[in-house]
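Asker: Okay, here's the structure, questions in a sec.
The values are calculated or read from the model by the stated rules, or taken from the named source; none is laboratory data. Remember, predicted model here, so these are calculated numbers, not experimental data. Note that we place each Cβ from the backbone using ideal geometry, even for glycine, and neighbour counts take in every protein chain shown. Remember, those area values only see protein heavy atoms, side chains included, never the ligands or the DNA or RNA. Shrake-Rupley method; radii C 1.70, N 1.55, O 1.52, S 1.80 Å.
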Amino acid sequence: PVLFSLLGLVAMGYFIAAVRVVSRRWENPPIPVLWSYAQATVAGVISPVIASLLVVGQSAASKRLRNRGIFCLNPQRITVSGKVRCMCFDKTGTLTKTGLEFISVCPISDTARPKQIGDPIEVAKEGRPSSMDPKELLTQALATCHSVTMLDGHPIGNEVEVNMFTATRWSLTQASGALPVITSPDGEVGLSMVKRFDFDHVLATMSVVVTCAASDKFTCFCKGSAERLKSLCDPATVPPDFDAVCDAYASQGFYVLALGHKSLDSRSISDLQRPQLESDLCLLGLMLFRNEPKPDAAEAILCLKSGDVRPVMITGDHVLTGLTMGHRVGMFSDAC
């Protein structure tokens, strides 16, 4: 306010001075002439000051934002922020916490006809042993279908895969230049990884080929999005209510992945390509992960909406998972 007042006084002074100068040099000058000269004089005085005024205004705005706990790294953008009418957010790691918590697995029943998705089995929490049978294919899939490596005794890699692997309590050893060997907690089951195809965002899958040291059998384990795995599995192994169950878990805010497997002939392992491995699978079950919203996410969304800024969520997760998270942070109304 002080700067604007000073600028106004300077402009008024020059305006009056211009009028007096013109009046002395021109007897009874027309009003339009006086106005034009005065405007030209004021414009010539103010134009060099505008840039400095904007810088001072940006600094003042940045200070006022800082007093409210908002830190601006680029004050030049403050003037643009008033024009923002839509703010887009990534879901995972922005609206939600960075980590995904592995909650449970839902095995496919082998005895039921037609196939059924079993009740969720809670995975082992830290400090407690795993209750999963190491001889079960579902357990072996959780322990091997990943790209986790060990560094100084700690598993590193994609957080979803690290959480999935550590929940099994299996151990991973890898000699230099060799593929890893995964061993069950009791040491009775050891699986060597023969081939691995890392996660592909386009295919939405990753797969491994493993063999047991005690036999010559080879097994392919594949994991990916539920809808993608369904398309890769033998329809006879997919429960009729598969889509409904996946939608129900997604609507509860779970991040849902599926697992599949198939047995392989040892003579054809080296010749098989990824499309051949990831086909005609038998569905093993579902994995459920949970991603909680950040404590201040709802408050941030409310502030944006109160400022007439439309919040938008961008996510590759299931649409019902995104919708549930949007409700939890106040992005969507109850009518959605």
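Asker: Please enumerate the residues belonging to the stretch 49-83 that are open to solvent by 50 Å² or more (accessible area, probe 1.4 Å), within 23 Å of Arg310 (Cα to Cα) and touching a residue at least 12 places away in the same chain (Cβ under 8 Å).
Answerer: Correct list: Leu65, Gln76, Thr79.
Asker: Is at least one residue of the stretch 162-174 of a type outside the set (Phe, Trp, Tyr) and modelled with pLDDT under 80?
Answerer: Yes; the residues of the stretch 162-174 include at least one that is of a type outside the set (Phe, Trp, Tyr) and modelled with pLDDT under 80.
Asker: Could you tell me whether Leu264 is under 25 Å from Thr139 (Cβ atoms), of a type outside the set (Val, Ile, Thr) and modelled with pLDDT of 85 or more?
Answerer: no
Asker: Same structure again: Filter the stretch 285-319 down to the residues that are touching a Cys at 6+ places or on another chain (Cβ under 9 Å) and closer than 30 Å to Phe242 by Cα, then identify the one that is surrounded by the most Cβ atoms within 10 Å (Cβ to Cβ).
Answerer: Met287
Asker: Checking the condition without any contact (Cβ under 8 Å) to a residue 40 or more places away in the chain, of a type outside the set (S, T, N, Q) and open to solvent by 60 Å² or more (accessible area, probe 1.4 Å), which residue from Asp265, Asp243 passes?
Answerer: Asp243
Asker: Here are some residues: Leu191, Leu179. Which one is at pLDDT below 80 and either of a type in the set (A, V, I, L, M) or buried (at least 17 other Cβ atoms within 10 Å of the Cβ) (or both)?
Answerer: Only one candidate passes the filter, namely Leu179.
Asker: If you don't mind, another one. Ser184 fails exactly one of the following numbered conditions: (1) surrounded by 18 or more Cβ atoms within 10 Å (Cβ to Cβ); (2) in contact with a helix residue (DSSP H, G or I) (Cβ under 6 Å, 6 or more places away or on another chain); (3) without any contact (Cβ under 8 Å) to a residue 60 or more places away in the chain. What is the number of that condition?
Answerer: For Ser184, the exception is condition (2).
Asker: Quick test for you: out of Leu277, Leu281, pick the one residue that is at pLDDT below 85, buried (at least 17 other Cβ atoms within 10 Å of the Cβ) and touching a strand residue (DSSP E or B) at 6+ places or on another chain (Cβ under 7 Å).
Answerer: Exactly one residue qualifies, and that residue is Leu277.
Asker: Give me the residue from the stretch 194-230 that is small (Gly, Ala, Ser) and at pLDDT below 80 and, out of that set, surrounded by the most Cβ atoms within 10 Å (Cβ to Cβ).
Answerer: Ala213
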